[in-house]
Amino acid sequence: EAQVTQNPRYLITVTGKKLTVTCSQNMNHEYMSWYRQDPGLGLRQIYYSMNVEVTDKGDVPEGYKVSRKEKRNFPLILESPSPNQTSLYFCASSRAQGVAGRRNEQFFGPGTRLTVL
Amino acid sequence: GEDVEQSLFLSVREGDSSVINCTYTDSSSTYLYWYKQEPGAGLQLLTYIFSNMDMKQDQRLTVLLNKKDKHLSLRIADTQTGDSAIYFCAESIGGTGGSYIPTFGRGTSLIVHP
(Lines give C-alpha, C1' and ligand atoms only; values in the text may rest on other atoms or scores of the structure.)
Protein backbone atom coordinates (compact mmCIF):
# COMPACT_ATOMS: atom_id res chain seq x y z
CA GLU A 1 0.00 0.00 0.00
CA ALA A 2 1.34 3.41 -0.99
CA GLN A 3 1.72 5.48 2.13
CA VAL A 4 3.58 8.06 4.17
CA THR A 5 4.24 7.04 7.75
CA GLN A 6 5.19 9.25 10.68
CA ASN A 7 6.39 8.35 14.15
CA PRO A 8 5.49 9.02 16.81
CA ARG A 9 1.85 9.96 16.34
CA TYR A 10 1.70 11.72 19.70
CA LEU A 11 4.52 13.15 21.77
CA ILE A 12 4.64 15.19 24.97
CA THR A 13 8.04 16.52 25.88
CA VAL A 14 9.70 19.28 27.88
CA THR A 15 11.46 22.43 26.77
CA GLY A 16 15.00 21.84 25.55
CA LYS A 17 14.90 18.08 25.16
CA LYS A 18 15.99 17.17 21.65
CA LEU A 19 13.54 15.11 19.62
CA THR A 20 13.18 13.63 16.17
CA VAL A 21 9.98 12.92 14.27
CA THR A 22 10.52 10.34 11.56
CA CYS A 23 8.86 10.29 8.16
CA SER A 24 9.06 7.54 5.59
CA GLN A 25 7.44 7.00 2.20
CA ASN A 26 7.33 3.88 0.01
CA MET A 27 6.45 5.51 -3.32
CA ASN A 28 9.98 6.36 -4.48
CA HIS A 29 9.08 10.04 -4.42
CA GLU A 30 11.81 12.60 -4.87
CA TYR A 31 9.99 15.43 -3.11
CA MET A 32 9.28 15.43 0.62
CA SER A 33 8.07 18.19 2.89
CA TRP A 34 7.20 19.03 6.49
CA TYR A 35 4.27 21.22 7.49
CA ARG A 36 2.88 22.41 10.76
CA GLN A 37 -0.79 23.10 11.28
CA ASP A 38 -2.04 25.53 13.91
CA PRO A 39 -5.55 26.84 14.65
CA GLY A 40 -6.19 30.09 12.85
CA LEU A 41 -2.90 29.88 10.96
CA GLY A 42 -3.62 26.89 8.78
CA LEU A 43 -0.93 24.81 7.10
CA ARG A 44 2.58 26.25 6.92
CA GLN A 45 5.62 24.67 5.31
CA ILE A 46 8.70 24.16 7.49
CA TYR A 47 11.27 22.52 5.20
CA TYR A 48 11.21 20.61 1.97
CA SER A 49 13.53 18.41 -0.04
CA MET A 50 13.63 17.99 -3.80
CA ASN A 51 15.85 14.91 -3.62
CA VAL A 52 18.52 13.15 -1.56
CA GLU A 53 20.91 15.65 0.06
CA VAL A 54 18.86 18.59 -1.26
CA THR A 55 16.86 20.49 1.37
CA ASP A 56 15.50 24.01 1.56
CA LYS A 57 13.65 26.25 3.97
CA GLY A 58 9.94 26.73 3.82
CA ASP A 59 7.93 29.51 5.40
CA VAL A 60 8.66 28.76 9.08
CA PRO A 61 12.04 26.96 9.40
CA GLU A 62 13.27 28.55 12.64
CA GLY A 63 13.92 26.02 15.38
CA TYR A 64 13.87 23.01 13.05
CA LYS A 65 16.37 20.92 11.16
CA VAL A 66 15.94 18.23 8.54
CA SER A 67 18.11 15.74 6.73
CA ARG A 68 17.66 13.68 3.59
CA LYS A 69 20.28 10.95 3.52
CA GLU A 70 17.99 8.42 1.89
CA LYS A 71 15.22 8.90 -0.61
CA ARG A 72 12.53 7.31 1.52
CA ASN A 73 13.22 9.10 4.83
CA PHE A 74 12.96 12.74 5.84
CA PRO A 75 13.25 13.20 9.61
CA LEU A 76 12.34 16.46 11.35
CA ILE A 77 14.66 17.40 14.20
CA LEU A 78 13.94 19.82 17.02
CA GLU A 79 17.28 20.41 18.74
CA SER A 80 15.84 22.45 21.60
CA PRO A 81 12.05 22.39 21.51
CA SER A 82 10.09 25.31 22.91
CA PRO A 83 6.38 25.64 23.79
CA ASN A 84 5.69 27.65 20.61
CA GLN A 85 6.53 24.49 18.67
CA THR A 86 3.50 22.75 20.12
CA SER A 87 1.59 21.89 16.98
CA LEU A 88 0.31 19.23 14.61
CA TYR A 89 2.99 18.19 12.14
CA PHE A 90 2.51 16.61 8.74
CA CYS A 91 4.99 15.01 6.42
CA ALA A 92 4.16 14.79 2.71
CA SER A 93 5.72 13.41 -0.46
CA SER A 94 5.22 13.61 -4.21
CA ARG A 95 7.10 13.32 -7.46
CA ALA A 96 9.44 16.26 -7.93
CA GLN A 97 8.87 16.53 -11.63
CA GLY A 98 5.47 16.25 -13.17
CA VAL A 99 4.48 14.31 -16.21
CA ALA A 100 2.88 16.44 -18.89
CA GLY A 101 -0.87 16.09 -18.74
CA ARG A 102 -0.89 14.34 -15.36
CA ARG A 103 -1.57 15.88 -12.02
CA ASN A 104 1.04 15.62 -9.27
CA GLU A 105 -0.70 14.47 -6.11
CA GLN A 106 0.98 15.12 -2.78
CA PHE A 107 0.52 12.33 -0.25
CA PHE A 108 0.31 13.17 3.44
CA GLY A 109 1.16 11.23 6.56
CA PRO A 110 -1.37 10.87 9.41
CA GLY A 111 0.20 13.64 11.49
CA THR A 112 2.21 13.93 14.70
CA ARG A 113 0.72 15.89 17.57
CA LEU A 114 3.55 17.43 19.57
CA THR A 115 3.17 19.15 22.92
CA VAL A 116 6.14 20.96 24.43
CA LEU A 117 5.74 21.82 28.10
CA GLY B 1 0.54 29.69 1.64
CA GLU B 2 0.36 33.40 0.82
CA ASP B 3 0.07 32.70 -2.92
CA VAL B 4 -3.17 30.82 -2.32
CA GLU B 5 -5.83 32.45 -0.16
CA GLN B 6 -9.03 31.11 1.29
CA SER B 7 -11.27 32.09 4.16
CA LEU B 8 -10.78 30.16 7.40
CA PHE B 9 -14.35 29.16 8.24
CA LEU B 10 -17.66 28.30 6.60
CA SER B 11 -20.80 27.20 8.42
CA VAL B 12 -23.77 25.64 6.61
CA ARG B 13 -26.93 23.77 7.46
CA GLU B 14 -27.24 20.10 6.58
CA GLY B 15 -28.86 19.69 3.16
CA ASP B 16 -27.76 23.10 1.90
CA SER B 17 -25.04 23.65 -0.67
CA SER B 18 -21.58 24.71 0.48
CA VAL B 19 -19.31 26.88 -1.61
CA ILE B 20 -15.67 27.18 -0.61
CA ASN B 21 -13.69 29.84 -2.43
CA CYS B 22 -10.01 30.24 -3.17
CA THR B 23 -7.91 32.81 -4.99
CA TYR B 24 -4.42 32.29 -6.33
CA THR B 25 -1.82 34.64 -7.71
CA ASP B 26 0.19 32.71 -10.28
CA SER B 27 -1.42 32.88 -13.69
CA SER B 28 0.79 30.04 -14.94
CA SER B 29 -0.84 27.55 -12.58
CA THR B 30 -1.43 24.31 -14.41
CA TYR B 31 -3.34 22.21 -11.91
CA LEU B 32 -5.58 23.33 -9.11
CA TYR B 33 -6.51 20.94 -6.35
CA TRP B 34 -8.87 20.53 -3.47
CA TYR B 35 -7.68 18.45 -0.56
CA LYS B 36 -9.84 17.34 2.36
CA GLN B 37 -8.67 16.82 5.94
CA GLU B 38 -11.06 14.89 8.13
CA PRO B 39 -10.76 15.24 11.92
CA GLY B 40 -7.67 13.49 13.25
CA ALA B 41 -6.31 12.62 9.82
CA GLY B 42 -3.91 13.90 7.19
CA LEU B 43 -4.86 15.65 3.97
CA GLN B 44 -6.18 13.62 1.06
CA LEU B 45 -6.74 14.67 -2.51
CA LEU B 46 -10.45 15.25 -3.07
CA THR B 47 -10.53 16.54 -6.63
CA TYR B 48 -8.52 18.61 -9.08
CA ILE B 49 -8.94 20.57 -12.28
CA PHE B 50 -6.59 21.20 -15.16
CA SER B 51 -6.18 24.85 -16.10
CA ASN B 52 -7.68 24.42 -19.57
CA MET B 53 -11.02 23.49 -17.99
CA ASP B 54 -13.68 25.78 -16.55
CA MET B 55 -15.67 23.23 -14.64
CA LYS B 56 -15.42 19.71 -13.36
CA GLN B 57 -18.22 17.75 -11.77
CA ASP B 58 -17.90 14.61 -9.68
CA GLN B 59 -21.11 13.43 -7.99
CA ARG B 60 -21.91 16.07 -5.33
CA LEU B 61 -18.76 18.06 -6.02
CA THR B 62 -18.47 20.83 -8.60
CA VAL B 63 -15.21 22.68 -9.18
CA LEU B 64 -15.35 26.01 -10.99
CA LEU B 65 -12.27 27.77 -12.31
CA ASN B 66 -12.22 31.40 -13.37
CA LYS B 67 -8.76 31.92 -14.84
CA LYS B 68 -9.30 35.59 -15.57
CA ASP B 69 -9.99 36.34 -11.90
CA LYS B 70 -7.70 33.54 -10.63
CA HIS B 71 -10.57 32.18 -8.61
CA LEU B 72 -11.33 28.56 -7.78
CA SER B 73 -14.39 27.29 -5.99
CA LEU B 74 -15.62 23.98 -4.63
CA ARG B 75 -19.35 23.45 -4.40
CA ILE B 76 -20.71 20.58 -2.33
CA ALA B 77 -24.36 19.84 -3.04
CA ASP B 78 -26.64 18.49 -0.32
CA THR B 79 -23.99 18.96 2.36
CA GLN B 80 -23.94 16.24 5.01
CA THR B 81 -22.46 16.19 8.51
CA GLY B 82 -19.82 13.81 7.15
CA ASP B 83 -18.59 16.65 4.93
CA SER B 84 -17.43 18.55 8.02
CA ALA B 85 -13.69 18.87 7.50
CA ILE B 86 -10.96 21.31 6.54
CA TYR B 87 -10.69 21.89 2.80
CA PHE B 88 -7.41 23.04 1.30
CA CYS B 89 -6.98 24.70 -2.05
CA ALA B 90 -3.66 24.11 -3.83
CA GLU B 91 -2.04 25.08 -7.12
CA SER B 92 0.89 23.71 -9.05
CA ILE B 93 2.74 24.98 -12.05
CA GLY B 94 3.71 22.64 -14.84
CA GLY B 95 5.42 22.99 -18.14
CA THR B 96 8.93 24.20 -18.76
CA GLY B 97 10.39 25.53 -15.51
CA GLY B 98 7.45 24.36 -13.46
CA SER B 99 8.05 22.16 -10.47
CA TYR B 100 4.57 20.66 -10.35
CA ILE B 101 4.82 20.87 -6.54
CA PRO B 102 1.51 22.02 -5.05
CA THR B 103 1.39 25.22 -2.99
CA PHE B 104 -1.34 25.06 -0.35
CA GLY B 105 -3.75 27.59 1.05
CA ARG B 106 -4.28 27.68 4.79
CA GLY B 107 -7.52 25.69 4.69
CA THR B 108 -11.24 26.41 5.19
CA SER B 109 -13.00 24.68 8.10
CA LEU B 110 -16.43 23.59 6.94
CA ILE B 111 -18.88 23.16 9.80
CA VAL B 112 -22.15 21.42 8.98
CA HIS B 113 -24.90 21.71 11.57
CA PRO B 114 -28.28 19.99 11.67
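The values are calculated or read from the model by the stated rules, or taken from the named source; none is laboratory data. The structure presented is a predicted model; accordingly, all values stated were derived computationally and were not measured. Here the Cβ positions follow ideal geometry from the backbone for every residue, glycine too, while neighbour counts run over all protein chains shown.
Within region A:24-47, if we keep just the residues that are more than 18 Å from A:Phe107 (Cβ to Cβ) and at the interface with chain B (Cβ under 8 Å from one of its Cβ atoms), the residue that is surrounded by the most Cβ atoms within 10 Å (Cβ to Cβ) turns out to be A:Gly42. For the structure I just gave you, tell me whether B:Ser7 is farther than 17 Å from B:Arg106 by Cβ, within 14 Å of chain A (Cβ to nearest Cβ), hydroxyl-bearing (Ser, Thr, Tyr) and surrounded by 13 or more Cβ atoms within 10 Å (Cβ to Cβ). For B:Ser7, the condition - farther than 17 Å from B:Arg106 by Cβ, within 14 Å of chain A (Cβ to nearest Cβ), hydroxyl-bearing (Ser, Thr, Tyr) and surrounded by 13 or more Cβ atoms within 10 Å (Cβ to Cβ) - is not met. Residues that are closer than 25 Å to A:Arg113 by Cα and without any contact (Cβ under 8 Å) to a residue 24 or more places away in the chain do not occur anywhere in region B:58-80.
B:Ile101 meets each of the listed conditions (1) buried (at least 16 other Cβ atoms within 10 Å of the Cβ); (2) free of Cβ contacts under 8 Å to residues at least 40 places away in the same chain; (3) more than 10 Å from chain A (Cβ to nearest Cβ); (4) of a type outside the set (Gly, Ala, Ser) apart from (3). Just to be sure, is B:Ile49 facing chain A (nearest Cβ under 10 Å), in contact with a Gly (Cβ under 9 Å, 6 or more places away or on another chain) and of a type in the set (A, V, I, L, M)? It is false that B:Ile49 is facing chain A (nearest Cβ under 10 Å), in contact with a Gly (Cβ under 9 Å, 6 or more places away or on another chain) and of a type in the set (A, V, I, L, M). For region A:77-95, the tally of residues that are under 11 Å from the mean Cα position of the chain (by Cα), within 14 Å of chain B (Cβ to nearest Cβ) and over 14 Å from A:Phe108 (Cβ atoms) stands at 0. Scanning region B:10-43 for residues that are of a type outside the set (A, V, I, L, M, F, W, C), surrounded by 15 or more Cβ atoms within 10 Å (Cβ to Cβ) and within 14 Å of chain A (Cβ to nearest Cβ) yields B:Ser29, B:Thr30, B:Tyr31, B:Tyr33, B:Tyr35, B:Lys36, B:Gln37, B:Gly42. Taken over region A:53-76, the residue count meeting the criterion of being away from chain B (no Cβ under 14 Å), surrounded by fewer than 16 Cβ atoms within 10 Å (Cβ to Cβ) and in contact with a Lys or Arg (Cβ under 7 Å, 6 or more places away or on another chain) is 1.
Okay, residues lined up against (1) closer than 30 Å to A:Cys23 by Cβ; (2) modelled with pLDDT of 95 or more:
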{"residue": "B:Ala41", "(1), (2)": "yes, no"}
{"residue": "B:Thr62", "(1), (2)": "no, yes"}
{"residue": "B:Asn66", "(1), (2)": "no, no"}
{"residue": "B:Ser73", "(1), (2)": "no, yes"}
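Note on region A:56-89: residues that are among the hydrophobic types (A, V, I, L, M, F, W, C) and part of a loop (DSSP other than H, G, I, E, B) amount to 2. Residue count for region A:1-38 satisfying the condition of being modelled with pLDDT of 95 or more, under 18 Å from A:Lys71 (Cα atoms) and of a type in the set (Phe, Trp, Tyr): 1. On inspection, A:Met50 passes the criterion of being touching a strand residue (DSSP E or B) at 6+ places or on another chain (Cβ under 8 Å), over 30 Å from B:Phe9 (Cα atoms) and facing chain B (nearest Cβ under 10 Å).
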